[in-house]
Amino acid sequence: MCGIIGYVGSRPCEELILGGLERLEYRGYDSAGMVLIDDSGFTTVRAVGNLAELRKAAAGSTSTATAGMGHTRWATHGRVTEANAHPHADASGRISVVMNGIIENYARLRSALQDEGVVFLSETDTEVIPHLIAKHYAGDLVQAVRAVIGELEGHFAFVAASADEPGRLVAARRECPMVVGVGEGELFIASAIPAFLPETRETLEIETGEIVVLEAGAITILDGDTVVSRDPATVDWDADAAEKGGFDTFMLKEIHEQPDALNDTIGDRLARDGTVTLDGIGLDDAALARVERIHIVACGTSFHAGLVGRYLIEDWARIPVHVEVASEYRYRTCLAGPGDLVIGITQSGETADTLAAMRVARERGAHVVALTNIMGSQAVRDADGVLYTRAGLEIGVAATKTHVAQVMALALLALKLGQVRHTLTGSGVADLGEDIRRLPGLVADYLASPAADAAIAAGEKYAERPFFLYLGRHVGMPVSYEGALKLKEISYVPTEAYPAGEMKHGPIALLDDGSPVVVVATDGHVFDKVVSNIQEVRARGAQVIAVATEGNEEIAEHADDVLFVPRTLPLLSSVLAVVPLQLFAYAVARARGLNVDQPRNLAKTVTVE
Ligand code: AGP
């Protein structure tokens with residue numbers, strides 16, 4: 001989830017680009033770069049670190065260029081180095097590109113280009129684009145970009161420039177966001193509106209699949225060969241709202257970014273036949289097949305993702321999985337050893353207890369893999385291998401998109417283990433791959449549906465209640481834990497989360513007339529058992545808010561409010577079932593007038609024990 005900005009106009013644009021990148025820094029800040037374009041060609045500056053570093057690298061510039069583009073990077077392919085920072089150029093240095101997204105078939109494209117003699121200077125997926133454009137370039141950047149898009153798989157938004165056509169930028173988008181800002185005789189193109197908001201409020205949305213040609217004062221939008229006519233719209237957001245993409249909080253924005261987080265985490269790892277490739281974990285297929293036990297260590301929301309992962313791995317790969325909060329694991333007698341795989345899940349990659357638990361296991365000779373969202377973080381440095389989620393930067397303290405991305409990464413690992421251990425048949429692998437691939441779309445459908453509004457409305461309805469009990473069974477159990485954690489951390493309402501079957505061994509005593517009980521009751525082999533638990537709590541006067549599978553007509557008889565989610569494989573249902581609970585928690589906190597992005601006493605990264 002990088003940030004891009006481009007400018008074509010009559011003003012010297014260096015400061016416009018740097019300012020725009022500063023406003024996009026929330027999208028990624030591990031390195032940045034820009035290219036300024038004039039009749040003498042390109043001037044490219046790149047730097048590792050935040051925008052202040054790019055400013056330092058550009059200090060003393062006297063550029064009067066009136067076209068250019070910039071990029072702030074959130075690394076997905078390739079380490080955080082200056083060579084991997086954007087823009088990237090072709091071999092002649094006459095084509096320059098900045099990109100946000102993932103090119104899923106870049107490895108294939110890269111090796112085909114290398115066979116033709118192309119030398120790559122970075123480890124990024126992006127670099128294939130300028131080389132491909134150069135290959136197709138015959139004096140018209142639009143034609144070359146059009147040809148290249150046909151060769152790219154994945155989702156992306158990129159802007160390209162040719163030194164032979166100064167004053168012209170050509171951009172293309174597939175799924176990743178891109179918007180044009182229309183000024184007086186000048187045009188901006190960016191990943192998000194804040195990049196150009198101080199300069200213009202006139203915006204033009206670009207649809208997926210379109211190509212945009214920007215020249216001073218003239219914009220052409222192309223859908224294939226057809227020129228599309230579209231009027232600009234005026235945004236009335238202030239800068240703060242714009243940074244949140246029009247949502248009123250980062251948390252809500254990040255909830256809506258979950259389809260992208262899931263898609264990006266799948267990226268190029270899942271082939272059409274279900275084959276999974278997990279570069280970086282430090283174990284080849286033979287070594288993976290020999291894994292005897294898996295330990296998962298994590299804290300908070302990451303721990304809940306680990307609990308979901310246990311069901312997936314044990315079912316698909318038949319390996320025993322032990323999941324434990326890291327702060328306990330680190331002080332127990334650690335029995336992990338050679339032959340065991342230990343996975344430390346930490347979105348930040350810096351959580352002290354998780355790092356310590358990983359260290360303990362590593363000292364015992366286990367193979368330790370960091371499952372993290374942050375490239376180059378301490379967890380990566382301390383581990384034998386890494387499995388990245390690609391959720392983009394998460395700003396809200398309450399983890400949302402990183403959680404579903406963690407579950408997705410674990411689902412891919414479980415599928416991979418099932419393949420190498422032959423616990424899944426060929427068609428089973430392909431079917432599961434297809435179910436996994438459908439998840440991002442199902443989450444997107446849900447978020448755009450009235451069902452998502454119903455989850456918000458339910459939160460508002462119950463907002464003043466002093467206590468909530470959350471129940472779930474099987475894979476619904478960690479979902480209930482996560483729903484309860486979301487609610488307590490941002491609304492400060494006491495919650496208790498319990499395995500539904502265990503409820504009658506204690507927590508049932510908490511219930512009284514009207515006590516709200518949130519039950520994860522999605523379809524699956526324990527559905528009837530969950531219904532029995534619902535009846536038990538209702539018999540004590542509790543009001544039930546059930547998360548259930550679309551099309552389940554029976555549940556309405558048992559619940560006061562039903563939050564429906566799209567149907568998927570029961571084992572994958574946590575990715576969907578958690579979303580209404582995020583929205584529910586969000587709505588309770590908002591109704592109570594609380595700051596959901598920065599709840600009291602909590603830090604996004606807990607670097608102390
Ligand atoms: C999640 O909403 C919480 N803020 C918290 O529980 C968090 O998941 C935990 O601190 C672990 O963080 P990590 O994933 O960065 O290690």
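We did not get these values from a lab; they are worked out from the coordinates using the rules stated. On a predicted model such as this, the values are computed, not experimentally measured, just so you know. Glycine gets a Cβ as well: all are built from the backbone with ideal geometry, and neighbour counts include every protein chain shown.
Observations on the model:
- Taking every C-alpha pair closer than 8 Å and separated by at least 6 residues, the mean separation divided by the residue count of the chain gives a relative contact order of 11 percent.
- For the cross-link pairs Lys529/Lys604; Lys244/Lys486; Lys56/Lys401; Lys461/Lys488; Lys401/Lys488; Lys253/Lys488, the ones whose C-alpha atoms lie over 28 Å apart are Lys529/Lys604; Lys56/Lys401.
- Summarising the label geometry, the points placed 7 Å from Cα in the beta-carbon direction at Ala59 and Ala556 lie 6.8 nm from one another.
- Additional length obtainable on full extension of the chain from Thr43 to Arg592, 0.36 nm per residue less Cα span: 192.5 nm
- Kyte-Doolittle mean at least 1.0, axial Cα span of 20 Å or more - DSSP H helices of the chain: 401-420, 574-591
- Farthest toward positive dipole pole in the chain [+1 Lys/Arg, -1 Asp/Glu at C-beta], among Leu16, Val588, Val297: Val297
- Whole-Hz couplings from phi, Karplus 6.51/-1.76/1.60, listed for segment 172-182; x for Gly and Pro: 9, 9, 9, 6, 5, x, 6, 9, 9, x, 10
- In loop segments of segment 342-427 as defined by DSSP, there are no GluC sites (Glu not before Pro) with at most 15 further C-beta atoms inside 10 Å of their C-beta.
- In sequence order, segment 213-230 has phi-based couplings of 10, 10, 10, 3, x, 10, 10, 10, 10, 10, 10, x, 8, 7, 7, 9, 9, 8 Hz under the Karplus curve 6.51 cos²θ - 1.76 cosθ + 1.60, θ = phi - 60°, and Gly or Pro positions carry x.
- Whole-Å distance, taken between Cα centres, linking segment 547-609 and segment 175-207: 33
- Amide H to amide H, with H built 1.01 Å from N, Cys299 comes under 5 Å of Ala326, counting only residues 5 or more places away or on other chains.
- Residue separation of Ser532 and Thr605 scaled by 0.36 nm, minus their Cα-Cα distance, works out to 22.3 nm of gained length.
- When peptides 315-323, 286-294, 79-87, 330-338 are sorted by average Cβ neighbour count within 10 Å, with the highest value leading, the order is 79-87, 315-323, 286-294, 330-338.
- For Ala67, nonlocal amide neighbours, meaning residues 5 or more places apart or on other chains whose placed amide H falls under 5 Å from its own, are Cys13, Ile37.
- Paramagnetic reach from His136 (point 7 Å along Cα→Cβ, amide N under 13 Å) across segment 192-216: 210-212
- Whole-Hz ³J(HN,Hα) from phi, Karplus 6.51 cos²θ - 1.76 cosθ + 1.60, for segment 66-78, glycine and proline x: 10, 9, x, 8, x, 8, 10, 9, 10, 4, 10, 10, x
- Sorted peptide list for 515-522, 46-53, criterion being average Cβ within 10 angstrom, highest first: 515-522, 46-53
- Spacing of the two label points (7 Å from each Cα toward its C-beta) at Thr277 and Ala147, in nm: 2.5
- Dividing the summed -39500 (n - 2.57) terms of all DSSP H runs of n ≥ 4 by the residue count of the chain sets its mean residue ellipticity at 222 nm at -10500 deg cm²/dmol.
- Cα gyration tensor category, rounded, prolate or oblate, for the chain with a/c compared to 1.5: prolate
- The H on the amide N of Val228, modeled in the peptide plane, is under 5 Å from the matching H of Ile221, Leu222, Asp223, each at least 5 residues off or on a different chain.
- Positive-pole candidate from Ser573, Gln543, Ala356, dipole of the chain, charges at beta carbon: Ala356
- Contact order for segment 276-321, expressed relative to its length and based on alpha carbon pairs under 8 Å spaced 6+ residues apart, stands at 38 percent.
- Each DSSP beta bridge with both residues in the chain is either parallel or antiparallel, and the antiparallel ones are about 60%.
- Summary of the geometry: segment 51-84 and segment 473-522, compared by the centres of their Cα atoms, lie 48 Å apart.
- Ordering of 417-430, 219-232 by burial proxy (mean other Cβ atoms within 10 Å per residue, highest first): 417-430, 219-232
- Placing unit charges on the Cβ atoms only, positive for Lys and Arg and negative for Asp and Glu, gives segment 490-609 a dipole magnitude near 460 debye about its Cα centre.
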